[in-house]
1. Check the range 24-34 and report whether any residue there is surrounded by fewer than 18 Cβ atoms within 10 Å (Cβ to Cβ) and polar (S, T, N, Q).
2. Considering only residues of the range 173-214 that are free of Cβ contacts under 8 Å to residues at least 40 places away in the same chain and basic (Lys, Arg), which is farthest from residue 255 (Cα to Cα)?
3. Looking at (1) crowded, with 18+ Cβ neighbours inside 10 Å; (2) within 8 Å of the ligand (Cβ to nearest atom), which is the one condition that is false for residue 185?
4. With (1) in contact with a Cys (Cβ under 8 Å, 6 or more places away or on another chain); (2) assigned to a strand (DSSP E or B) as the list, and residue 138 as the residue in question, which single condition is left unmet?
5. Based on this model, can you work out whether residue 97 counts as within 19 Å of residue 48 (Cα to Cα) and near the ligand (Cβ under 8 Å from one of its atoms)?
6. Hey, among 155, 193, which residue is crowded, with 22+ Cβ neighbours inside 10 Å and either farther than 19 Å from residue 111 by Cβ or within 12 Å of the ligand (Cβ to nearest atom) (or both)?
7. Show the residue pairs meeting these rules: Cβ distance below 8 Å; 6+ apart or different chains; first residue within the range 89-105 and over 17 Å from residue 32 (Cβ atoms) and at pLDDT below 95; second residue near the ligand (Cβ under 6 Å from one of its atoms) and part of a helix (DSSP H, G or I).
8. Check residue 178 against each of (1) in contact with a strand residue (DSSP E or B) (Cβ under 7 Å, 6 or more places away or on another chain); (2) under 17 Å from residue 29 (Cα atoms); (3) modelled with pLDDT of 95 or more and name the one condition it does not meet.
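The values are calculated or read from the model by the stated rules, or taken from the named source; none is laboratory data. All values reported here derive from a predicted model rather than from experimental measurement. Methodologically, a virtual Cβ is constructed for each residue, glycine included, from the backbone with ideal geometry; neighbour enumeration extends over all protein chains shown.
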Amino acid sequence: MPTVTGSFAASFSASFSTAAAFVAGATGYTGRAVVAALRTRGVETVAHIRPGSVNGAEWRARFEALGATVDESPWEPAAIVAALTTHRPTHLFALLGTTRARAKREGITAPYETVDYGLTKLLLDAASACGHGPRFIYLSALGAREGTSNPYLSVRGRLERELQASRLPFLIARPAFISGRDREESRPTERAVSLLVDAALRGLATAGLSGPQRRFASLTGRQLAEGLTALALAARDARTIADAAAIRGAIPAEQA
Ligand SMILES: NC(=O)c1ccc[n+]([C@@H]2O[C@H](COP(=O)([O-])OP(=O)(O)OC[C@H]3O[C@@H](n4cnc5c(N)ncnc54)[C@H](OP(=O)(O)O)[C@@H]3O)[C@@H](O)[C@H]2O)c1
């Protein structure tokens, strides 16, 4: 797990005594579990819901029941800078993404460029502009690499490079599949492939090769949230990249 610590990051650490989190993508499979994990740890949490969300009222009630504050700022640069300036999070979680099927329903062409990259970049720019340098927790993916012909991985590689070029402290997480029977949205192909891969990795582990299972086995949203939250809060100022093994290793024993 490569770790780099920047001097700028250290320069603003002293002004924060307690953590406060802003979660973008809070309504997602990972996001909702991250909000719950943060609240369980007593972290002041803002859950961002996109304005006009069809289930907005339900999400507001769910998050407020957890003791989180709900923010529905529009996805516009000035509005997101204003939200970050108001809430002053020490930790900013970027857990955004779409699928081709969902983007088609929403009439979005170039979904990975528009949502996965576009909204995350808007958030990154806002985090850099808001003046207090929150730690940027970016949910990327295993295999993220700029320039590859796979647009899903390529936009994540680009965002990773831009995040590393920023002056913000960060945590880049690169899990393999995020999958569990508790995902409310139906994704049969993703679920079937992750179950097959997990079974193969279990077979290897039984035969004595456990490394691939630690690195490549799927994580449920709750497992990912527990590991991600633990890694994020463990350091305010670090610049860290974590693969699935590191995320899994950070899950508190009682939550594993
Ligand atoms: N699935 C995997 O196996 C896997 C593996 C590695 C990495 N990842 C990446 O990890 C991230 C989170 O995954 P996940 O499974 O938790 O995602 P998810 O359940 O699909 O949630 C995605 C979040 O992004 C928001 N979003 C989507 N389109 C939007 C739009 N047009 N405008 C504003 N917000 C929008 C959603 O809001 P609404 O609820 O309002 O739609 C939701 O909060 C994604 O980037 C994903 O690609 C996934």
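1. From the range 24-34, those surrounded by fewer than 18 Cβ atoms within 10 Å (Cβ to Cβ) are none; that's our starting set.
Checked the range 24-34: no residue is surrounded by fewer than 18 Cβ atoms within 10 Å (Cβ to Cβ) and polar (S, T, N, Q).
2. Restricting attention to the range 173-214, the residues satisfying the condition of being free of Cβ contacts under 8 Å to residues at least 40 places away in the same chain are 181, 186, 188-214.
Within this subset, residues satisfying the condition of being basic (Lys, Arg) are 181, 191, 202, 214.
Numbers: 181: 17, 191: 22, 202: 20, 214: 17 Å.
That would be 191.
3. (1)
4. With (1) in contact with a Cys (Cβ under 8 Å, 6 or more places away or on another chain); (2) assigned to a strand (DSSP E or B) applied to residue 138, the lone miss is (1).
5. Numbers: within 19 Å of residue 48 (Cα to Cα): yes; near the ligand (Cβ under 8 Å from one of its atoms): yes.
Here the answer is yes, as residue 97 does meet what is asked.
6. Numbers: 193 fails: crowded, with 22+ Cβ neighbours inside 10 Å.
After ruling out the rest, the residue left standing is 155.
7. Correct list of pairs: 103/115.
8. If we test residue 178 against (1) in contact with a strand residue (DSSP E or B) (Cβ under 7 Å, 6 or more places away or on another chain); (2) under 17 Å from residue 29 (Cα atoms); (3) modelled with pLDDT of 95 or more, just (3) comes out false.
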